[in-house]
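Here the structure comes first, spelled out in structure tokens, and everything after it is commentary.
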Amino acid sequence: MRKWIIRLLVVAVVAVAVAYGGILLWTKVIDKPEDQLSADDLTEALVSDSSTTSIPLPESTTVTDPNDVSGEWIATTESTLGYRVKEVLGGVDTEGVGRTNQVDGRITIDGTIVVDGGFTVEVASIESDSDRRDSQFTGRIMDVATHPTAKFLITQPIDFGVIPASGQQVTVNANGELTLRGVTRPVTFELTAEYTNGRIGVLGSIPVVFADYGIPNPSNPFVTTGDDGLLEFVLVFARA
């Protein structure tokens, strides 16, 4: 009898180890979450020549001075916006990541100052690598039926001080209002800008405490998450 108990315990331990190893292999190798958006992603998006704007543009105004960026700029489909949430799956630390390129964004620049602007995104367009996660995200978590959009608006002009040379980047603080799930709150975060290939790109990430926006904790019987996440973006703008 004792031998059978020992054998059962060994089988149970092996089964747990195999399951843990499978989850580890899946989350760290086979289906590894996308890396956090970085300065390299910003540059890569700007040098790509495949972008289009999310809305039709009027015929561009001729610009005689390439260093003059004053005017209105509109987000292109080279933009990327999404969320990042730490997850624990079967005892393995990983991340849930969802992204979209369907961003309706505009900025107005006077010299080196972004005087106003922001972006709006259809929340349902944000997709991850998991249909189950996406169903939870658009339903119970973000309730897109009631709150279909998320938005950010600049509340103070952003002065970058200089127009960076092509391939160079400059970072400043940005202040604005972020609206998620129908709740609007002030936010301050670092914003990195680059002017390359006749286009303007900005990189940023905004910490989001779920309770601040009335967002239910994303945890479910299969996955445990923390109480906060990150909204991250690389936005590429073309002259209107």
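Overview of values
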| item | result |
| --- | --- |
| Coil-residue chymotrypsin sites (Phe, Trp or Tyr not before Pro) of the range 199-237, DSSP, other Cβ within 10 Å capped at 13 | PHE222 |
| Selected from PRO164, ILE126, ILE107, residue furthest toward positive end of dipole (the range 34-239; charges at beta carbon) | ILE126 |
| Chain lengthening between THR108 and VAL162 when straightened (0.36 nm per residue, less Cα-Cα) | 17.9 nm |
| Residue-wise HN-Hα coupling along the range 200-210, computed from phi with Karplus coefficients 6.51, -1.76, 1.60 (Hz; x: Gly, Pro) | 10, x, 10, 10, x, 8, 10, x, 10, 8, 4 |
| Extension reserve of the GLU127-GLU190 stretch, reckoned as 0.36 nm per residue once the Cα distance is removed | 20.2 nm |
| Only Lys, Arg (+1) and Asp, Glu (-1) charged, at Cβ; the range 65-143 dipole about Cα centre in debye | 420 debye |
| Sequence of VAL85, VAL172, VAL208 once ranked by neighbouring C-beta atoms within 10 Å, starting from the fewest | VAL172, VAL208, VAL85 |
| SER70 paired with THR146, simple spin-label distance in nm, labels 7 Å along Cα-to-beta-carbon | 4.6 nm |
| Two-site FRET efficiency, ASP93 against VAL170, from Cβ-Cβ distance with R₀ of 35 Å, rounded to 0.05 | 0.55 |
| Pair SER135, THR155: separation of 7 Å Cα→Cβ label points (nm) | 3.8 nm |
| Ranked ARG185, ARG99, criterion: other C-beta atoms within 10 Å, fewest first | ARG185, ARG99 |
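Rule-based calculations on the coordinates, nothing more; no lab input. What you see is a predicted model, and the numbers here were worked out from it, not measured in a lab. Reconstructed Cβ throughout: ideal geometry from the backbone, glycine too, with neighbour counts over all protein chains shown.
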